[in-house]
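Novice: This structure is in structure tokens; I'll ask about it shortly.
The values are calculated or read from the model by the stated rules, or taken from the named source; none is laboratory data. Since the model is a prediction, treat every value here as computed from it, not as a measurement. Cβ placement follows ideal geometry from the backbone for every residue including glycine, while neighbour counts extend to all protein chains displayed. Just the protein is used for accessible areas: all its heavy atoms, side chains included, with ligands, DNA and RNA removed. Shrake-Rupley method; radii C 1.70, N 1.55, O 1.52, S 1.80 Å.
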Amino acid sequence: MDNPNDIENIKKYLSEKLETVSSVDDISKIRNEFLGKKGFIGKMLSDMRNISSDQRKDYGAKLNLLKIEVENMIDEYSGKFENDKDSIYTELYKSLPGRKPEIGHINIITQAISEITKVFAPLGFNRVRYPEIDREYYVFEALNMPETHPARDEWETFFVDSPNDEKLGRLVITPHTSSGQVREMLKGELPIRMLNISRCGRRQIDVSHVPSFYQFEGLVIDENISTTHLIGVLDYFAKNFFGADRETRLRPYHFRFTEPSFEVDINCGICHGKGCKLCKGGWLELGGAGMVHPNVLKAGGVDTEKYSGFAFGWGVERTYMMKSGTKIDDIRNLFSNDLRFLEQF
Ligand code: PHE
């Protein structure tokens, strides 16, 4: 059928054409051939000029109906064809090898926290956590730093904009885990072997400081506790966490909540105390420690005649960075959220 230019034949011609379709392209060619501007129906519409005016209305209505029928026929057919196409892809898809979902790994800081916890566990240290946003009382006052004491400045504290509590003071982001000391004592269970690990905040940022970091705090309170116990525990930690060849030393220091107070150093893992580029003098600073001040014990309701104790509090990230092998030279990298960095650990 070459010239399907009449209403009667055009549908027949279309059915024949549709039988030959084998691709989506064929369908769009047919659509154009029948419904395009210069297609059969378009041409018939423009030929209406030549029809006498009394027949034109009737013929026009028939043509419009035809147009709708043709559209439906093509749509129906292309619908069928699309389904075929889908099922081909579905089969193909089913035969493709599976894609493995990416499995992450524990973040380096979480790894550090669990390693530190494991080292202290055999000594009986009990892992606890206290509020990361707490009242000034626990952060300063109970730790022998009264309201106007200048020592508070060293903690570069973030204050939280919130109502003041008459007795316990303002809300702060805890600048150290020492705020857990008196909270632990107030539980009223003695002796104490506490390991408090939590997030802290201070207003500082450079290669070795970030505003949000972690600390781990040890607190031991029992009868007859002396500096010897403190040294023993620190040495045990150094050897088990950093390696059997590492040693610690204490330097006199000052904290309001310990007396005497110390800064704890560890001998450099690279030069072993001789002095090198990293450590300069052969020793690296770990953090603070000391014998718990009687005023702190009193604030915690502990009988100072019977009990004494020691405490130490160090940065988790800093301590982990000193472990040989980690080779992290800027603490800020830990919080940069760069997967290329984090995936190394
Ligand atoms: N809280 C002190 C700090 O953040 C460290 C410390 C803890 C010192 C316990 C002595 C005893 O610097």
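Each row is one residue, and each column tells you yes or no for (1) at pLDDT below 95; (2) farther than 24 Å from GLU259 by Cα; (3) not in a loop (DSSP other than H, G, I, E, B).
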| site | (1), (2), (3) |
| --- | --- |
| MET291 | no, no, yes |
| LEU297 | no, no, yes |
| THR304 | no, no, no |
| ALA311 | no, no, yes |
| GLU317 | yes, yes, yes |
| TYR320 | yes, yes, yes |
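Novice: Within the range 272-316, which residues are charged (D, E, K, R) and under 37 Å from the mean Cα position of the chain (by Cα)? Step through it out loud before you land on a result.
Specialist: Here is the first cut: in the range 272-316, the residues charged (D, E, K, R) are 274, 277, 280, 285, 298, 303, 305-306.
Within the range 272-316, LYS277, LYS280, GLU285 qualify.
Novice: Which members of the range 100-133 meet the condition of being outside the structural domain of CYS200 (by TED's automatic domain parsing) and over 20 Å from the mean Cα position of the chain (by Cα)?
Specialist: Listed by number, the list holds a single entry, LYS100.
Novice: I'd like the full set of residues that are more than 12 Å from the ligand (Cβ to nearest atom) and either open to solvent by 20 Å² or more (accessible area, probe 1.4 Å) or within 13 Å of GLU132 (Cβ to Cβ) (or both), limited to the range 185-197.
Specialist: If the condition is that a residue be more than 12 Å from the ligand (Cβ to nearest atom) and either open to solvent by 20 Å² or more (accessible area, probe 1.4 Å) or within 13 Å of GLU132 (Cβ to Cβ) (or both), then LEU186, LYS187, GLY188, GLU189, LEU190, PRO191, ARG193, ILE197 are the ones that fit.
Novice: Taking the criterion of being within 23 Å of ARG332 (Cα to Cα) and of a type outside the set (A, V, I, L, M), would at least one residue in the range 135-155 satisfy it? Reasoning before the result, please.
Specialist: Looking only at the range 135-155, we keep the residues that are within 23 Å of ARG332 (Cα to Cα), and these are 154-155.
If we keep only those that are of a type outside the set (A, V, I, L, M) too, we end up with 154-155.
The answer is yes, given that some residue of the range 135-155 is within 23 Å of ARG332 (Cα to Cα) and of a type outside the set (A, V, I, L, M).
Novice: Another question, then. Given (1) open to solvent by less than 10 Å² (accessible area, probe 1.4 Å); (2) touching a residue at least 40 places away in the same chain (Cβ under 8 Å); (3) within 18 Å of ALA112 (Cβ to Cβ), where does ASN240 come up short, assuming only one miss?
Specialist: (1)
Novice: Let me ask something additional. Taking the range 301-321 as the search range and keeping residues that are of a type outside the set (Gly, Ala, Ser) and away from the ligand (no atom under 16 Å from the Cβ), which one is most open to solvent (accessible area, probe 1.4 Å)?
Specialist: Within the range 301-321, the subset of a type outside the set (Gly, Ala, Ser) is 302-307, 310, 312, 314, 316-321.
Restricting the remaining residues to those that are away from the ligand (no atom under 16 Å from the Cβ) gives 303-307, 320-321.
Values: ASP303: 78, THR304: 50, GLU305: 167, LYS306: 102, TYR307: 34, TYR320: 21, MET321: 42 Å².
Top of the filtered list is GLU305.
Novice: Test PHE242 against the stated conditions and say whether it is in contact with a strand residue (DSSP E or B) (Cβ under 8 Å, 6 or more places away or on another chain), within 14 Å of the ligand (Cβ to nearest atom) and either modelled with pLDDT of 95 or more or over 18 Å from HIS176 (Cβ atoms) (or both).
Specialist: Working: in contact with a strand residue (DSSP E or B) (Cβ under 8 Å, 6 or more places away or on another chain): yes; within 14 Å of the ligand (Cβ to nearest atom): no; either modelled with pLDDT of 95 or more or over 18 Å from HIS176 (Cβ atoms) (or both): yes.
Judged against the criteria, PHE242 is not a match.
Novice: Limited to the range 137-166, what total is found for residues that are surrounded by fewer than 18 Cβ atoms within 10 Å (Cβ to Cβ) and in contact (Cβ under 8 Å) with a residue 40 or more places away in the chain?
Specialist: Final tally of qualifying residues: 4.
Novice: Is it fair to say TYR130 is of a type in the set (Ser, Thr, Tyr), in contact (Cβ under 8 Å) with a residue 60 or more places away in the chain and within 14 Å of the ligand (Cβ to nearest atom)?
Specialist: Working: of a type in the set (Ser, Thr, Tyr): yes; in contact (Cβ under 8 Å) with a residue 60 or more places away in the chain: yes; within 14 Å of the ligand (Cβ to nearest atom): yes.
Yes: the conditions hold for TYR130.
Novice: Could you figure out which of (1) in contact with a Cys (Cβ under 6 Å, 6 or more places away or on another chain); (2) surrounded by fewer than 20 Cβ atoms within 10 Å (Cβ to Cβ) isn't true of GLY169?
Specialist: Among (1) in contact with a Cys (Cβ under 6 Å, 6 or more places away or on another chain); (2) surrounded by fewer than 20 Cβ atoms within 10 Å (Cβ to Cβ), GLY169 violates only (1).
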